[in-house]
Amino acid sequence: MSRILLCDDHEVFTGALAMALQARGQDVVSVARSVPEALSEAARTLPDVVLMDLHFAQGPDGLAGIRALVAEVSPAPKMVLLTGSVDRRTLTDAVAAGADGVVSKTEPLHVLLEAVERVAAGAFYADPELLRGSLRPPSAELDQVQLSAQFLTPREREVLGRLVQGSSTGELAQAMGVGVATVRTHVQSVLSKLGVRSRLEAVSLAVAHGLFDPPQRRVPEQPENRHPVLRRGSA
């Protein structure tokens, strides 16, 4: 069970999402309606994961909120950016701000819930097809990335492939038969060789440049799969 802070100024959406998260066994510790309120509530409740909307009627946007939470709250919570639509710029800006996942509110509810669980477990989340399509780089950059990837050891390529599939640190350690410290060493080496700063950046780069296919979306086995789609006209 993770402690979740919701930050969104649409009461109907947050109410439905809070109920769904609680039904999934998560602990929704607070709901904030603005970035300043989220900072205050995060300092008070110390959540494990913050779900942050991108746009607010008033005040700073969600990207500013993520940057502030990462910088000011200790320990920093995992951050998931929620938005009505996701494009290349949104993904790039979210990763740069410190987000651990980006989810469109137009996704089915079970996808959003799974994204929260994956991020809480230490993995990344972004729509697989979006990683391939909207993060596809200009062709001039392609050779350099593939050249960098050639310097990955077989073990490092395995780590990168499993990261693309959404494996957390613990899952990597179990699958590879090594300790968590060894996994972190491999991950850091992968990030260094690819010239990126986070797992999400590494995964985005690997998928966008065709080093690995995007992960197949998991089909949930739990009743939440029958929930209606949570939709918002805009974010």
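The table for this structure:
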{"item": "Single condition Met79 does not satisfy, out of (1) in contact with a helix residue (DSSP H, G or I) (Cβ under 6 Å, 6 or more places away or on another chain); (2) in a helix (DSSP H, G or I)", "result": "(2)"}
{"item": "Where a residue in the range 25-37 is of a type in the set (Asp, Glu) and its partner, wherever it lies, is crowded, with 19+ Cβ neighbours inside 10 Å and modelled with pLDDT of 95 or more, with Cβ under 7 Å and at least six apart", "result": "Asp27/Ile4"}
{"item": "Residues located in the range 92-102, provided they are among the β-branched types (Val, Ile, Thr) and either modelled with pLDDT of 90 or more or not assigned by TED's automatic domain parsing to the domain that holds Met79 (or both)", "result": "Val102"}
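To keep it simple, each residue is scored yes or no on (1) under 30 Å from Arg24 (Cβ atoms); (2) at pLDDT below 90; (3) not aromatic (Phe, Trp, Tyr).
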position	(1), (2), (3)
Gln144	no, yes, yes
Val159	yes, no, yes
Gly166	yes, yes, yes
Leu172	yes, no, yes
Val178	no, no, yes
Val203	yes, yes, yes
Ala208	no, yes, yes
Asp213	yes, yes, yes
Val219	yes, yes, yes
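The values are calculated or read from the model by the stated rules, or taken from the named source; none is laboratory data. Owing to the predicted nature of the structure, the values given are computational and were not obtained by experimental measurement. Positions of Cβ are backbone-derived with ideal geometry, glycine not excepted, and every protein chain shown enters the neighbour counts.
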